[in-house]
Amino acid sequence: MAMKRLWMVVSVLTSLPLLAGGSPQTPPAAEQATDDPYEIPDSARDRRNPVVRSDETLRAGHTLWQKHCETCHGVTGRGDGPNARLHEQRKGHAPRNLTQPKVQDNLTDGEIFWRISKGIIEEGNNVIMPRYEDKIPSETERWQLVVFVRELGRAARR
C-alpha cells in the first residue's frame, strides 16, 4: 500500500508543475522538505483543507491554475498543456493527468497542498515540478488551488 501511495504521489507530482506557494513563516520541522523528493510527511498528508468549496473559491483557484498550472497540466488538468511535450522531452514523462480517479481518490488534500508548495526537485537540482510556496505565498490561495484541482476531477467524471 505504501508503494502504491508513493507511486501515486510521484505521478501527481510529475504533473503538477503548477502549484507551490508559501507562508512567510518557516514550517514546523515535520513539514519541511525531506531528503526524498517524492516523500510527503505524514503531518502534511493529514492536513485538512480549511477552505470551503464555493463559487468564489473556484474562481480564485481557476485564476491561480491559469497563471501557474495550465501550461503543463492543460486547461482541464489532463497533462496536455502547451508545455507538456517539452516537459516530456526534458523529464522523460508527460505532466500528470490530475483528473484520473487514481489521483483524485488516492491523494489527500494535504498531499496535493504539499506538492504544490514544495514541488519535486530531485538530486542535482533537477526540477520535475517547481515549488510554488514562493510564487503563491498565501496558504489560503494554495488551498484554493487544491479545491480547483478537486473540481477538475469532478468535471471529468460528469
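The values are calculated or read from the model by the stated rules, or taken from the named source; none is laboratory data. The model shown is predicted, which means the values in this text are computed figures rather than measured ones. Note that each Cβ is placed from the backbone with ideal geometry, even for glycine, and that neighbours are counted across all protein chains shown.
Some notes on this structure:
- Any hit, region 98-119, residues being touching a Pro at 6+ places or on another chain (Cβ under 6 Å) and either at pLDDT below 95 or of a type in the set (D, E, K, R) (or both): yes
- In region 58-77, residue surrounded by the most Cβ atoms within 10 Å (Cβ to Cβ) [restricted to those that are free of Cβ contacts under 8 Å to residues at least 60 places away in the same chain and in a loop (DSSP other than H, G, I, E, B)]: Gly74
- Ala84 vs. criteria small (Gly, Ala, Ser), touching a residue at least 60 places away in the same chain (Cβ under 8 Å) and at negative phi: no
- Meets criteria (over 12 Å from the mean Cα position of the chain (by Cα) and at pLDDT 95 or above) for Thr76: yes
- Residue in region 36-49 that is surrounded by fewer than 14 Cβ atoms within 10 Å (Cβ to Cβ) and closer than 22 Å to Gly153 by Cα present: yes
- Matching residues, region 44-57, being outside any helix (DSSP H, G or I) and not charged (D, E, K, R): Asn49, Pro50, Val51, Val52, Ser54
- Filter result for Gly21 (under 20 Å from Leu98 (Cα atoms) and at pLDDT 50 or above): no
- In region 44-57, the residues that are farther than 17 Å from Ser138 by Cβ and touching a residue at least 60 places away in the same chain (Cβ under 8 Å) form Cβ pairs under 8 Å with partners that are among the aliphatic types (A, V, I, L, M) and surrounded by 11 or more Cβ atoms within 10 Å (Cβ to Cβ), at six or more places apart or across chains, as follows: Arg53/Val147.
- Given (1) buried (at least 16 other Cβ atoms within 10 Å of the Cβ); (2) among the small types (Gly, Ala, Ser); (3) modelled with pLDDT of 90 or more, index of the condition Ser54 fails: (1)
- Picking from residues in region 82-136 that are outside any loop (DSSP other than H, G, I, E, B) and among the acidic types (Asp, Glu), the one that is surrounded by the most Cβ atoms within 10 Å (Cβ to Cβ) is Glu111.
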